[in-house]
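The values are calculated or read from the model by the stated rules, or taken from the named source; none is laboratory data. Just so you know, these numbers come straight off a predicted model, no measurement behind them. Here the Cβ positions follow ideal geometry from the backbone for every residue, glycine too, while neighbour counts run over all protein chains shown.
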Amino acid sequence: MTEVVNLTTMEVDALMDVDGGLNLTDGHARLVLTPQQSDIVAHIPEMFVEATRRPFSEIELAAHKAFFGAVGQHSAPVGTGRILSCYSSTLATDILARALPADATVAVLHPTFDNIADLLKTRGLKLVPMSEEELLAKEWPGAPVNAIVVTLPNNPTGLITSQGHLESLAEHAVRNNQIVIIDASFRGQVRDAQYDTYAVLDAAGADWVTIEDTGKLWPTHELKIGLLAYSERTKLPIEQAFSESLLAASPVVLQLITELAGDWVDGGYERARDLVERNRAVIGEFGLKLADPDSQISVARIELPVNGPDSAVLHKEMLARGVHVLPCSPFHWADPESGLRFIRISLARPFETVQKAVQTMAEAYRDLTPSS
């Protein structure tokens, strides 16, 4: 049996490392709780009481209002029944994949996190890559593409599809009877990505589906919510696919999201942003090169010089030295070789962890590079 190696398996290996290696793989916030977040978590027992006392619909509505408001999405269809709460954004993606027509052709941003492409392919959909360069040039795919997937901001590059570009995409999709799909899992980290995408999509008359995520924002150890929202125009059987997958998300976790979203707009965003930027700056201090210096999300690609080892070789050496990072070939799901000169690390970690890991990477790269 062939071993499956994708980005998530690498992330699982990092979590399960019995030797306690440094884990800079997944983009989840693996940080120490701030004092404000600690105060919120201390009230979880009370949230269990509330979960038995208050109607689920009331708890869910409060969470949706708080979260979408905290990330600038004031036109999201809160209270309409067109936002579904899932255990994770991955589950939300799989629900969407099952709802799409079995013979659909889907254009997916390239590079991007490989499980988006994997989940769509597993459900039998045909995929075609859409490069970031094509996105920036507004070269949108036509027939036979039925749906276009954009990651906003993109993981791993941090590229933001601007409001003007999204308007262009939405108008193109309307003309060509296509569905616009947005994975906004990192949206909450970047103000520039928090223009009201729902207003843009609806103004164009587009058929759209969006996936939002709380797991990248707060260090809640997988107590998270993936939100699957869809337009009034869509004819996809999303509710049916949802009902085949789960009953409901946890009302306790939904209350936790409500409170953390409140903290996010009360200084939490700035506190998290300061740490991420401090960690990003460490990369250059050890002589490594940021591939995407303008990126604002909590992961960073490091570009490797052509005269040294590629990321597959460096990744193995880092594992040997007790540090887990991600080689970027799997992000380039349609052309893995184009990702060989990049390696990705998570910045949503304590400063000392990132500093030690980056120092180790710089030393490993130097030791693997032949002397001239």
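Of a type in the set (Phe, Trp, Tyr), crowded, with 22+ Cβ neighbours inside 10 Å and within 22 Å of Ile345 (Cα to Cα): is that true of Trp218 in this structure? Criteria met by Trp218. Counting only residues that are surrounded by fewer than 19 Cβ atoms within 10 Å (Cβ to Cβ) and assigned to a loop (DSSP other than H, G, I, E, B), the range 293-303 holds 3 of them. Each residue in the range 63-117 was checked for being within 22 Å of Thr161 (Cα to Cα), assigned to a loop (DSSP other than H, G, I, E, B) and either touching a strand residue (DSSP E or B) at 6+ places or on another chain (Cβ under 9 Å) or not assigned by TED's automatic domain parsing to the domain that holds Ser250 (or both), and 7 of them qualify. Here Ser243 clears all of (1) of a type in the set (Ser, Thr, Tyr); (2) farther than 21 Å from Gln37 by Cα; (3) in contact (Cβ under 8 Å) with a residue 24 or more places away in the chain except the condition numbered (3). When Leu91, Leu119 are checked against the criterion of being touching a Gly at 6+ places or on another chain (Cβ under 7 Å) and within 24 Å of Pro237 (Cβ to Cβ), Leu91 stands alone in meeting it.
Of the helices (runs of 4 or more DSSP H) contained entirely in the range 130-210, those carrying at least 1 residues that are of a type outside the set (S, T, N, Q), assigned by TED's automatic domain parsing to the domain that holds Val71 and touching a residue at least 40 places away in the same chain (Cβ under 8 Å) fall at 197-204. If the condition is being small (Gly, Ala, Ser), surrounded by fewer than 17 Cβ atoms within 10 Å (Cβ to Cβ) and more than 18 Å from Gln163 (Cα to Cα), then the range 132-147 contributes Gly142, Ala143.
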